[in-house]
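Below: one structure, written as structure tokens.
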Amino acid sequence: MQKYLVRRLGLAVVTIIAVSLIIFIMSRASGDPRHIMLDDYSTDEDWERMGQVLGLDKPYWQQYLIFLRDAVQGDLGQSVKEGRPVTDVILERLPATLYLGLTAFAISLLVGIPLGILSSIKRGSLIDQIGKIVAMLGQSAPPFWLGIMLIIFFAVAWEILPPYGWDDWNSIVLPAVTLGWYYAAANLRLVRSAMLDVLDSEYIKLARAKGVPYRGVVLRHAFRNALIPPLTFAGVTLGALVTGSLVVETVFAWPGLGKLAIDALFAFDYPLLQGVVIVFTLLYVLAAFSVDVLYAYIDPRIRYA
Amino acid sequence: MVTQAATERDVVLRVNDLRTYFQTRWGTVKAVDGISFDLRRGETLGIVGESGSGKSVTMLSLMRLIPMPPGRIVSGSIMLDGEDLLQLSDGEMNRVRGSKIALIIQDPMTSLNPVFTIGNQVSEAIAIHQNIPKRSVMEQALSVLRKVNIPAAESRMRDYPHQLSGGMRQRVVGAIGISCQPQVLIADEPTTSLDVTIQAQYLALLKELQQDSNVALIFITHDFGIVAKMCDRVAVMYAGRIVEQGSVRDIFNRPSHPYTEALLASVPRMEEDVDRLYSIEGQPPTLHDLPPGCPFADRCQYVMERCREEYPTRTTISEGHDASCWRLI
Ligand SMILES: Nc1ncnc2c1ncn2[C@@H]1O[C@H](COP(=O)(O)OP(=O)(O)OP(=O)(O)O)[C@@H](O)[C@H]1O
Ligand code: SF4
Ligand SMILES: [Mg+2]
């Protein structure tokens, strides 16, 4: 268990370093930042001084180390557009993104897993049919289209939910459903097929042969095994949900990091964009790591490997 | 007459005209089609037959563990200790499974649940069927593990299946089977995928456990060598029916059904060349559109006209030995 966790932690650290290196290289490869920061009226002197302030006169490896040191201390540079520290801007937007991502994650689990289990034990029933429709819509409809459809029905036609922004307690519903649907569908299908496999296995037969009632077999013996595939997937899901809300945040004008990244991109605000990418990476790695821990808890073969 | 009555009382399991069909896309598969046999206290009945002949489906029917749908037990009765299992409610059947009739499943590598400890899985049946405090449950689980010769049983209780060798898992499954002192224990090919020494040890252990507890054992196998060592009686299955049954001695000395003959002839002997190894020509019939008549007709060297028209009636060859073949009439 400890060995496993140490290995996972090591992997997380390596990932973060690799991404930071890529970000650094890209930021240098995309041209001299002074071109954006200084306007046409600045002198050569300004140019030089700016270079010194930014550390651009030093060799690249030193620049990278400085970049790392600053980043670790929470200094991600200045946002060009906002004229204040990138860290401040990001911290302002982070709660909205976490709130949306985690709500969508909860939806993907709370809808996907029970529906998957019910449709596997009641194959061909009404609930199975509903599950099939949910899965089909989630996996084939692109989120922007799904989002717009939900807005048209729930906000415009029936006026029961706000169409955009984050003003009311129920503002979260439409964006979270839009974002979570795809993963709810994926979880549903994963759980359903895992459950069918497990229910067909020899150890379920043996449990039945011991006299365990069908309910107990489903809830105790099958459920935990059927959780393993969706859990493997949850590492990807959680990271993707917390970080991958670019489209949904834009459709719903949700004041989170995804929308911030898009805005930064259009404003050529590279330090800000870079900061968002770094935070996304951290969130992604953190999510994957917590799922790994949970995974080890559920599957002893991982724990003792 | 007196001995007759005595054996009558000794019968723990009486299966009569059991039929289990599966509804499939290609039609009705008659996997078990009219099986009858008796099983006495302390006796070992071997069931042999080619793959697909319905051995496992018969045993799952006895446990009432046929997946429904697509399966269905169409008719028959399974009298265990005077009560017909087919008449029990699901709840009543749960109380019988694992306590009065137990099943040891084929593959030791897949029949234990990977996410629960050995102790957990061995104690489960005991906890379900015996109304005793948790501590005694654990003590009893430990004692059955010792009975099947699990070394360091106490610490093994906390292990997970993947931490045990195949042979050890096999014995754990055996321990689960005997944990509630059943009257009937079914072992469905308990020795596949293990090496020969481990297999021999396991069989000796099963035999020993049986002698201790006087449980009636049904033993399913492809291997006549194992039958000779383990069993008192044999039933030979073909295409969902028992085509011949009798004592091991009768079957080996006077095989009466052409299929039994062919099976015995196909048993490889040590001194023989591999070249001369006999195997039965042809394939077993598909079970979803069986023609009328004897299902062995296409592969039988003695086939007659009558064989293709009518299923052969059962003929008694000697006391306790019968076969279904037109040649015997
Ligand atoms: N769930 C099912 N649906 C349809 N047909 C089935 C099902 N289970 C078993 N059968 C059919 O029942 C027949 C008997 O199968 P069974 O497993 O009893 O054979 P077996 O004698 O145990 O063979 P083996 O020696 O390979 O274990 C086979 O033809 C099989 O295709
Ligand atoms: S009944 Fe006919 S075909 Fe069937 S085994 Fe006997 S002789 Fe052969
Ligand atoms: Mg079988």
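The values are calculated or read from the model by the stated rules, or taken from the named source; none is laboratory data. All of these numbers come straight from a predicted model, not from anything done at the bench. Cβ coordinates were reconstructed from backbone atoms using ideal geometry, including for glycine residues, and neighbour counts include every protein chain displayed.
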Out of B:96, B:122, I need the residue that is free of Cβ contacts under 8 Å to residues at least 24 places away in the same chain, within 11 Å of chain A (Cβ to nearest Cβ), of a type outside the set (S, T, N, Q) and in contact with a Leu (Cβ under 8 Å, 6 or more places away or on another chain). Which one? B:96
Does at least one position in segment B:260-269 carry a residue that is in the same structural domain as residue B:239 (by TED's automatic domain parsing), over 16 Å from residue B:234 (Cβ atoms) and modelled with pLDDT under 80? yes
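Can you tell me which residue within segment B:20-35, out of those that are away from ligand 2 (no atom under 16 Å from the Cβ) and buried (at least 20 other Cβ atoms within 10 Å of the Cβ), is farthest from the other protein chains (Cβ to nearest Cβ)?
Of all residues in segment B:20-35, those away from ligand 2 (no atom under 16 Å from the Cβ) come to B:20-32, B:35.
Keeping just the survivors that are buried (at least 20 other Cβ atoms within 10 Å of the Cβ) gives B:20-22, B:29-32, B:35.
Working: B:20: 15, B:21: 20, B:22: 14, B:29: 17, B:30: 22, B:31: 16, B:32: 17, B:35: 20 Å.
Here the answer is B:30.
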Residue B:185, sole failed condition from (1) surrounded by 22 or more Cβ atoms within 10 Å (Cβ to Cβ); (2) out of contact with any Gly (no Cβ under 7 Å at 6 or more places or on another chain); (3) at pLDDT 90 or above; (4) not charged (D, E, K, R): (2)
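Restricting to segment B:99-117, what's the tally of residues that are among the hydroxyl-bearing types (Ser, Thr, Tyr), without any contact (Cβ under 8 Å) to a residue 60 or more places away in the chain and facing chain A (nearest Cβ under 7 Å)? It would help to see each step written out before you state the result.
Going residue by residue through segment B:99-117, those that are among the hydroxyl-bearing types (Ser, Thr, Tyr) are B:99, B:110-111, B:117.
With the extra rule that they be without any contact (Cβ under 8 Å) to a residue 60 or more places away in the chain, the set shrinks to B:110, B:117.
Filter once more, keeping what is facing chain A (nearest Cβ under 7 Å): B:110.
Number of matching residues: 1.
Residue-wise test of (1) small (Gly, Ala, Ser); (2) loosely packed, with under 15 Cβ neighbours inside 10 Å.
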{"site": "A:7", "(1), (2)": "no, yes"}
{"site": "A:17", "(1), (2)": "no, yes"}
{"site": "A:20", "(1), (2)": "yes, no"}
{"site": "A:83", "(1), (2)": "yes, yes"}
Scan segment A:198-214 residue by residue and report those that are within 7 Å of chain B (Cβ to nearest Cβ) and of a type in the set (D, E, K, R). A:202, A:205, A:208, A:210
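Name the strands (runs of 3 or more DSSP E) wholly within segment B:1-97 that hold at least 3 residues that are more than 16 Å from ligand 3 (Cβ to nearest atom)?
Numbers: elements: B:11-24, B:27-40, B:44-48, B:71-80.
In segment B:1-97, the matching strands (runs of 3 or more DSSP E) lie at B:11-24, B:27-40, B:71-80.
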Of all residues in segment B:196-228, which are in a loop (DSSP other than H, G, I, E, B) and more than 16 Å from ligand 3 (Cβ to nearest atom)? B:214, B:215
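Please go through segment B:130-182 and pick out each residue that is β-branched (Val, Ile, Thr), away from chain A (no Cβ under 14 Å) and crowded, with 20+ Cβ neighbours inside 10 Å. Working first, answer last.
If we filter segment B:130-182 for residues that are β-branched (Val, Ile, Thr), which is where we start, we get B:132, B:137, B:144, B:148, B:150, B:172-173, B:176, B:178.
Those left that are additionally away from chain A (no Cβ under 14 Å): B:132, B:148, B:150.
Answer for segment B:130-182, where residues must be β-branched (Val, Ile, Thr), away from chain A (no Cβ under 14 Å) and crowded, with 20+ Cβ neighbours inside 10 Å: B:148, B:150.
Please find, among B:61, B:77, B:89, the residue that is under 26 Å from residue A:122 (Cβ atoms), more than 11 Å from chain A (Cβ to nearest Cβ), more than 16 Å from ligand 1 (Cβ to nearest atom) and of a type outside the set (D, E, K, R). Show your work before the answer.
On the way: B:61 fails: more than 16 Å from ligand 1 (Cβ to nearest atom); B:77 fails: under 26 Å from residue A:122 (Cβ atoms).
Residue meeting the stated conditions: B:89.
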